[in-house]
1. What ranking of A:ILE61, B:ILE39 emerges when the number of other C-beta atoms within 10 Å of each C-beta is taken as an exposure proxy, fewest first?
2. When the expected Rg is taken as 2.2 N^0.38 Å, what fraction or multiple of it is the alpha-carbon Rg of the range C:1-102?
3. Angle between the Cα long axis of helix C:2-21 and the longest principal axis of chain C, 0 to 90 degrees, nearest 10?
4. Which chymotrypsin sites (Phe, Trp or Tyr not before Pro) from the range C:8-117 combine a DSSP loop assignment with at most 10 other Cβ atoms within 10 Å?
5. Using a basic spin-label model with each label point 7 Å from the Cα along Cα→Cβ, how many nm lie between C:LEU7 and B:PHE69?
6. Between C:ALA72 and A:ALA144, what is the label-to-label distance in nm when each label sits 7 Å out along the Cα-to-Cβ direction?
7. With a ≥ b ≥ c the root eigenvalues of the C-alpha gyration tensor of the range C:72-174, is it rounded (a/c under 1.5), prolate (a/b larger than b/c) or oblate?
8. Explain nothing, just the number: relative contact order of chain B, from Cα pairs under 8 Å at least 6 residues apart, as a whole percent.
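Please treat every number below as a calculation from the coordinates, not as lab data. Bear in mind that the values here come from a model prediction, so they are computed numbers and not experimental data. Here Cβ is always computed from backbone atoms with ideal geometry, including for glycine, and neighbour counts include all displayed protein chains.
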Amino acid sequence: MSHDNPMRMRENAILRVTSKGLIPYILLFALYVQFHGDFGPGGGFQAGVIFAAGFVLYGIIFGLDAIQRLIPPIMVERGAALGVVIYGGVGVVCLLLGGNFLDYNVLSAHEPMHGQHLGILLVELGVGLTVASAMTAAFYYFSARAR
Amino acid sequence: MSSFAGHWVYWLSIALMMIGLYAVISRDNLVKKLMGLNIFQVSVIMFYVALGKIIGGTPPILGPGAEGFAYFSNPLPHVLMLTAIVVGVATTAVGLALVVRIREAYGTAEEDQIVQMDRDEALAAERSRRVRR
Amino acid sequence: MVSFELLLFLLLVATAVAIVRMRDLFAAAMLTGIFSLVSAGLFTLMDAVDVAFTEASVGAGISTILFLGTLALTDRRENQQPWRVMPFLVVGLTGAALLYGTADMPAYGDPNAPVNNDITKEYIEGTEHKVGIPNVVTAVLASYRGYDTFGETTVIFTAAIGVMLLLGGRRSREEDDEDDASTGPRSEEGEE
């Protein structure tokens, strides 16, 4: 084990194979947590963080350039803003449909409970998008500074 | 007087809080201060969540798993603390970014050296201003 | 099981003491990850499953990454601290005052505590009849207290902007050469 020529992480067989096997399941689990927040513990915050953890793992092992090729920094910056816009947009749509701000009952014409389900789904999507983008952005900026 | 069985959670939360506070006020390294703040935050969340716990209760999720339990644990502290955790990590991120910039500007991340450098610079500026007059 | 909670809590206190005393910051960052994970286990024992999920993913995941990222950009070891008595006094006084304040608190796990009042009952029953989803915490977070969650999402967005403004600019090459030579603070002209 020579320390003057360290092997890069993407050349290490164990790290490469394990992470390539795990990362799809991490992202899938994040999607599961996002949409099953209504039925068990979970929701937008946890799902966003797990998404970001998957991306960060890929970035750590295969390099910042690899992950930034997949998810450019501009997409991450816009994603953070888009999440907040989605959340506020749901509230404004409720206003336009005649209810109060973020009053989900008016989102569905025939059954208020369906409106609640739709409202909660969209709002958690917005939250998940913002949290995932913010955490990935933080990782990008910290890594880019180290260059 | 309060009993141990009824209050040990609060006492241990306060102990944790004081450990975090000690790290923030006594350690000079900025990153160590932020770690102490992290400990402090977790202890406050622990305290809050312990307020909502009901012995003999179940997590506040309705459904077939919750049959046979008389109480649900209070969901309101959980909601507030969920918010607090995520906001806490966001502020930790900003704090660590500030530490990185301070390290780049001063060459060190130890508070006593930074304060000393600022004092030396102010002293040198004062001296040069007096010479010019 | 009260005793298991006590064991986990004592482990948490021991980990916190180790984090404070450890001078190798890399090891301390790893210990904060362990601290978050043990606290997540404790939250689960206190029936706070959503909080435990969030603390495990956020504390043991993202927070550790941020600390390690910072340690890559700054020093790995902490300097030896001089022995000071003032922090112990401050901490002791504050702790004593807080302990005195817990004398009037309700017992741990008491169903008749003042915090379990009508609002809680309304949230739980309203979730069953008006919102219709099983997870009461998500219903309260997204529907009953949706406005607060909106504010929180904005706070996370603002934090991302803050990190972008602080670390997003280009680090000028002259700074790196000056880093080795001088010992004083940088002047404003030397930056960027």
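1. Ascending Cβ contact count within 10 Å gives the list A:ILE61, B:ILE39.
2. 1.26
3. In chain C, helix C:2-21 runs at an angle near 10 degrees to the longest axis.
4. C:TRP83
5. 2.2 nm
6. Once both label points are built, they end up 1.4 nm from each other.
7. oblate
8. Here the relative contact order equals 21 percent.
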